[in-house]
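The values are calculated or read from the model by the stated rules, or taken from the named source; none is laboratory data. Because the structure is a prediction, the values reported are computed rather than measured. Neighbour counts are summed over all protein chains in view; Cβ atoms, including those assigned to glycine, are modelled from backbone coordinates with ideal geometry. Just so you know, the surface numbers come from the protein's heavy atoms only, side chains and all, with ligands and any DNA or RNA stripped out. Shrake-Rupley method; radii C 1.70, N 1.55, O 1.52, S 1.80 Å.
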Amino acid sequence: MDNFKWQSHVDKLAPVVKEAQAKLRTTDRAVVADRSGATLDADGNLRLECLWRAYVIDQTEWTITRADDGSTPASLLQSLILTYLYMADGMPPVDRWMGFRELPDGLFYAQAFQGYTGKELAHDLNGDVAAFKAASDKLQGAPLAIGDAGYAFQVLPRLKIAVVMWAGDDEFAAQAQVLFQETAAHYLMTEGLAIVGNLLIGQIAKAAKA
C-alpha cells in the first residue's frame, strides 16, 4: 500500500478510532449490533464480515480478530471496523448511488480518489469489461443497470459500494468509477469510505487475475 497515498486518510481516521473505542466501551453491545447489522455470538462478542472475511470484536476490550484463525488484522482494517461500529446509526441503507464528490467534504479529494480507484482499475484490466464482469461475479457482486457493466458489493453489513465500467473505443479510453450508497455517510466517514473503496478495487483486480 502506498503510504503517501493513505497518510491523510489514516491521520484523520486515527482520532476517530480512539473516540470510537471509548464510546463503544460505554454502549450496550446489543444496540451496536442492531445499528450496525453485526451479530452477537454466545459469548457476547460481535461478529461481522468486512470485504468477504469474518471478524470477531471482543465486547469488553473492543479488540478485533479474524474469525477463521484468531489472528489480528492489519491496523487499517481494525480502524475501519471500529469506525463503522461507532458511526453506524441504524439508518436503513438506500441503493441510490452517488460519486465520491457528493460525500461530505468529498469534492476536494474526488480527483485523487478517482485516480487510485476507477482509473487504476480500468488500467489494471486494460479496459476489459468481460474480465471485470467475471471478477465481480467471483466476488458475488449484484449486477446493476449502470454503464457497460456495474456491480454492487456488500463490503460491510449495512454498506454497499458499487463499481461501474464503461468500455473504451477509438475516441475514449475505458473508464471505471466507484459509487456509494446515499446512506454511506451514516456508516463511515469520508476518509474511511475512500479506504474501503480502494481496498475493494484491489480485490476486484486480484480476482480478475486469479
Query raised in the report: If you wrap a convex hull around the C-alpha atoms of the chain and split its volume per residue, what is the figure in Å³?
Result: 123
Report summary line: Once the dipole of the chain is set up from charges on Cβ (+1 Lys and Arg, -1 Asp and Glu), the residue from the list 126, 54, 161 lying farthest towards its positive end is 54
Query raised in the report: Size of the dipole of the chain about the Cα centre, Lys and Arg at +1 and Asp and Glu at -1 on the beta carbon, nothing else charged, in debye to 20?
Result: 300
Requested in this report: Would you mind computing, in nm to one decimal, how far apart the modelled labels at residue 21 and residue 74 are, each placed 7 Å from Cα along Cα→Cβ?
Outcome: 2.0
Query raised in the report: With all protein chains present, how much of the accessible area of the range 42-198 (probe radius 1.4 Å) comes from carbon and sulfur, to the nearest whole percent?
Result: 48
Query raised in the report: So how far apart, in nm, are the two label points at residue 209 and residue 111 if each is 7 Å from Cα heading toward Cβ?
Result: 2.9
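Is the shape of the range 86-145 best called rounded, prolate or oblate, per the rule: a/c under 1.5 gives rounded, else a/b larger than b/c gives prolate, else oblate, with a ≥ b ≥ c the square roots of the Cα gyration tensor eigenvalues?
Numbers: a/c = 2.56, a/b = 1.29, b/c = 1.98.
Cα axes put the range 86-145 in the oblate bin.
Tell me which DSSP H helices of the chain clear both cut-offs, 27 Å or more of axial length from alpha-carbon atoms and a mean Kyte-Doolittle hydropathy of at least 0.5. It would help to have the intermediate numbers written out before the result.
On the way: long enough: 3-24 (30 Å, -0.51); 190-209 (29 Å, 0.81).
Helices meeting the criterion: 190-209.
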Query raised in the report: Can you list residues whose amide H is under 5 Å from residue 179's amide H, if they're 5+ apart or on another chain and H is modeled 1.01 Å from N?
Result: 162, 163, 164
Query raised in the report: In square angstrom, what is the accessible area per residue of the range 128-210 with a 1.4 angstrom probe?
Result: 41
Query raised in the report: How far, in nm, would the chain grow between residue 42 and residue 60 when pulled straight, counting 0.36 nm per residue and subtracting the alpha carbon separation?
Result: 5.1 nm
